[in-house]
Amino acid sequence: MERIIPAATANRKFSKLLRGVCKGQRYVITSYGVPVAKLVPADVEDRSRQSARTVLFERLYSQRPSNTRQNSRGWRRGASRPKYS
């Protein structure tokens, strides 16, 4: 469970918060009551991000390419565009 900590308290007790993070504790740091940051173990976010990336790439690789023809105006990405009057 995440503990909510005001920014001033987080600033004063940063070393203690880091020790808690090493033990798996998660903190939400607030500024004037508004959440502005999370202090979580690094490997938790890395695993979550890696899992999301894997799912995204599997989905992209399973899809067929979209229509690669030229658009209706006859220009292609990367080529110079014709000037229209």
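The values are calculated or read from the model by the stated rules, or taken from the named source; none is laboratory data. All values reported here derive from a predicted model rather than from experimental measurement. Don't worry about glycine lacking a Cβ; one is built from the backbone with ideal geometry, like all the others, and counts go over all protein chains shown.
Please specify each residue of region 14-49 satisfying the condition of being of a type outside the set (Phe, Trp, Tyr) and surrounded by 14 or more Cβ atoms within 10 Å (Cβ to Cβ).
Of everything in region 14-49, those that are of a type outside the set (Phe, Trp, Tyr) and surrounded by 14 or more Cβ atoms within 10 Å (Cβ to Cβ) turn out to be Leu17, Gly20, Val21, Gln25, Arg26, Val28, Ile29, Thr30, Leu39, Val40, Pro41.
For region 34-55, name all the residues that are closer than 17 Å to Leu18 by Cβ and modelled with pLDDT of 85 or more.
Passing the criteria: Ala37, Lys38, Leu39, Val40, Pro41.
Under 7 Å between Cβ atoms, which residue pairs at least 6 apart in sequence (or on different chains) link something in region 28-40 that is outside any strand (DSSP E or B) with a partner that is surrounded by 13 or more Cβ atoms within 10 Å (Cβ to Cβ)?
Correct list of pairs: Val40/Val21; Val40/Arg26.
Would you check if Tyr84 is touching a helix residue (DSSP H, G or I) at 6+ places or on another chain (Cβ under 7 Å), of a type outside the set (Val, Ile, Thr) and either under 21 Å from Met1 (Cα atoms) or modelled with pLDDT under 65 (or both)?
no
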